[in-house]
Amino acid sequence: MVRFVNVQNLGRWAADTGLEPLLRDLTTELEGHFQRWPLFDKTPRVGSHSQHGVIELMPTSDGITYGFKCVNGHPINSTRGLQTVTAFGALSDVDTGYPIMLSEMTLLTALRTAATSAMAAKVLAPVNATTMALIGSGAQSEFQALAFRANLGINTLRVFDVDPAAMAKFERNATALDFDVTLCGSVEEAITGAHVVTTCTADKKNATVLTDEMVTRACAAGGVTGLHINAIGGDCPGKTELDIELVKRGSVFVEYPEQTFIEGEIQTLPHDWPLTELWQVLTGDAVGRSSDDELTIFDSVGFAIEDFAALVFLNNRLDGTDYYDEIDLIAEPADPKDLFALLPVKQPATIS
Ligand code: NAD
């Protein structure tokens, strides 16, 4: 039997655990896996691109456990009453090849993306950052806010979205969670006075949500010298959020360069562009923020090891709970060579 975690059970598990404790523990789990990065099989994810979006397969293994996620990104979906991002994934035992757990990963992706953003910000954001601007207040936004409060103590949020209904939804949810929320009339207004800017917009184009001039003006107006940009929405070829001049000015940190050069903000830059792999900052082999007035950019696209970490984290917490069902996913005939025995084939009538 294989464990199966559906959306309702994942949501119940997360709410019962407590979102901020869960996001803190998940961040710690991610840090552990990033610190053993060289052990993992790594490959850029395999994307199937279409007019409105992409479906991607994200596999990895640490030699003992194998994990994959299947995820889509369809910015048009919100106009159809559908999610931009949905996902499911599985863990398997490398020794036998048998699946261990199958899980919904739409909620789990939001949790792992927020925890990964916070993990990066812990080593990249200005010390004593108190204020975050959120540009894009769709499905990911509350998770980002909670992960930053859980890990960095950031409680003041300045928010802008082109969709007023998305902003109203965010204000409703975040106020109930006791965040100090200011809704803003423009991106520039939102980032003024912020020490961290999270861009989590969805548009299938090379957008310039933040320009270099805008960031320079907003930092000067807000009296902010050092800034950390957590850019999560640029994650596909032809789908970016930042003015390339802004990217060139910053110190860029990435998950897996081979994938980020295909999908991230740096996709138009030469492959010898100076950047730092986040895992090396976490092992102490590279420096994170190096000065108070630095512009740091986490060019996040989402990597398979983050999903592996989230699935392992979830699976380890399922023992003795009712947050999963057991499903009959593996064919197990009494004689492994007699797979045919599992077919309810009627015996032909004997000829007398
Ligand atoms: P969503 O569609 O629910 O929300 C996106 C929001 O951005 C919408 O409310 C939309 O109105 C707003 N928006 C679009 N263009 C904007 C602009 N120019 N300025 C301000 N707001 C704008 O999507 P989501 O599920 O919240 O995902 C957000 C983004 O994060 C997507 O692009 C998704 O692909 C990406 N993502 C990245 C990772 C990662 O690991 N890096 C993981 C999950 C999702």
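Since every read-out is calculated from the coordinates, none of them should be taken as a lab result. None of the values given here were measured: they were computed from a predicted structure. Every residue, glycine among them, receives a Cβ derived from its backbone with ideal geometry; neighbour counts consider all protein chains shown.
Numbers below:
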read-out: Whichever aspartates and glutamates have a C-alpha closer than 15 Å to that of LYS204, once near sequence neighbours (fewer than 8 apart) are set aside; value: ASP235, GLU241, GLU263, GLU265
read-out: For q = 0.13, 0.22 Å⁻¹, Debye-computed log10 I/I(0) when each Cα of region 263-352 counts as one equal scatterer; value: -0.78, -1.23
read-out: Most mobile listed residue (HIS49, HIS33, HIS195) in the chain, GNM with C-alpha springs under 10 Å; value: HIS49
read-out: Residue exposure sequence - MET105, MET1 - by fewest surrounding Cβ within 10 Å; value: MET1, MET105
read-out: Gain on full stretching of the segment that runs from TYR98 to HIS49 - 0.36 nm per residue minus C-alpha separation; value: 14.7 nm
read-out: Ordering of 217-228, 303-314, 36-47 by burial proxy (mean other Cβ atoms within 10 Å per residue, highest first); value: 303-314, 217-228, 36-47
read-out: Sites ASP25 and ILE262, calculated FRET efficiency, Cβ-Cβ separation with R0 25 Å, nearest 0.05; value: 0.20
read-out: Cα convex hull volume per residue for region 8-49 (Å³); value: 126
read-out: Isotropically averaged projected area of the chain, using the convex hull of Cα atoms (one quarter of hull area), nm²; value: 21.6
read-out: Set of lysines with alpha-carbon distance to LYS248 below 20 Å, sequence-local pairs under 8 removed; value: LYS205, LYS239
read-out: Over the chain: helical MRE at 222 nm, DSSP H runs n ≥ 4 each giving -39500 (n - 2.57), nearest 500; value: -10000 deg cm²/dmol
read-out: Degrees separating the helix 106-124 axis from the principal Cα axis of the chain, which is the longest one; value: 40
read-out: Directionally averaged projected area (convex hull, Cα atoms, region 3-85), nm²; value: 7.5
read-out: Whichever lysines have a C-alpha closer than 27 Å to that of LYS337, once near sequence neighbours (fewer than 8 apart) are set aside; value: LYS346
read-out: Residues with amide H under 5 Å from that of THR86, placed H, sequence gap 5 or more; value: ASN72
read-out: Cα-based helix-to-principal-axis angle, 141-152 vs the chain, degrees rounded to 10; value: 70
read-out: Computed over the chain: relative contact order in percent, which uses C-alpha pairs under 8 Å that are six or more apart; value: 20
read-out: Residues ASP299, ASP212 arranged by fewest to most Cβ contacts within 10 Å; value: ASP212, ASP299
read-out: Degrees separating the helix 304-316 axis from the principal Cα axis of the chain, which is the longest one; value: 60
read-out: For region 299-352, the spread of Cα positions along each principal axis, largest first, Å; value: 74, 32, 16
read-out: Cut-off 12 Å between beta-carbons: net charge of the residues surrounding GLY288, Lys and Arg +1, Asp and Glu -1; value: -1
read-out: Per-residue HN-Hα couplings for region 127-134 [Karplus 6.51, -1.76, 1.60; θ = phi - 60°; Hz; x = Gly/Pro]; value: 4, 6, 4, 10, 10, 10, 8, 10
